[in-house]
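The block underneath contains the structure these notes are about, expressed in structure tokens.
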Amino acid sequence: MMRLGRYDQKIKFKSFEQVSNGSGGWIPTEVEVLSTWARIGQLKQSRNIEQVQMGLPSTYRGGVQVRKNFEPTIAMVVEWKGSDYQIITSPTVENCRTGQEWVFDITKPNNG
């Protein structure tokens, strides 16, 4: 079990694929793309009074280390602490002290 410094939250990146149901239809099926350690922090809503007044859900900023053959997308879902979160910003690569990391914002879907 490896947790590097501030990467102390276990998350899963998930996507959905279409699997045949055997009678000509398709069933959306959840697929785990990557399970990894991340840093997660809540974005401060008090800086944006309009966001608080509109009752928008809490937003979190996440970061994971860059790795070969993996690039998060807004089509993926992040599972964190047993709940699913939508990626709401295009993930970007940021430099940090230990190398590079993907940085993205997540929020709970309205129906959750």
Cβ contacts < 7 Å: first residue of a type in the set (A, V, I, L, M), restricted to region 95-110; second residue open to solvent by 30 Å² or more (accessible area, probe 1.4 Å) and at pLDDT 90 or above, any location; separation 6+ or different chain. Result? V103/R61; I106/Y60; I106/Q86; I106/I88
Subset of region 71-99 that is part of a loop (DSSP other than H, G, I, E, B) and over 13 Å from the mean Cα position of the chain (by Cα) - its residue that is modelled with the lowest pLDDT: T98
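The values are calculated or read from the model by the stated rules, or taken from the named source; none is laboratory data. All figures in this text were calculated on a predicted structure; none of them were measured in a lab. Glycine also receives a Cβ, built like all others from the backbone with ideal geometry; neighbour counts cover every protein chain displayed. Only protein heavy atoms, including side chains, enter the accessible area calculation; ligands, DNA and RNA are left aside. Shrake-Rupley method; radii C 1.70, N 1.55, O 1.52, S 1.80 Å.
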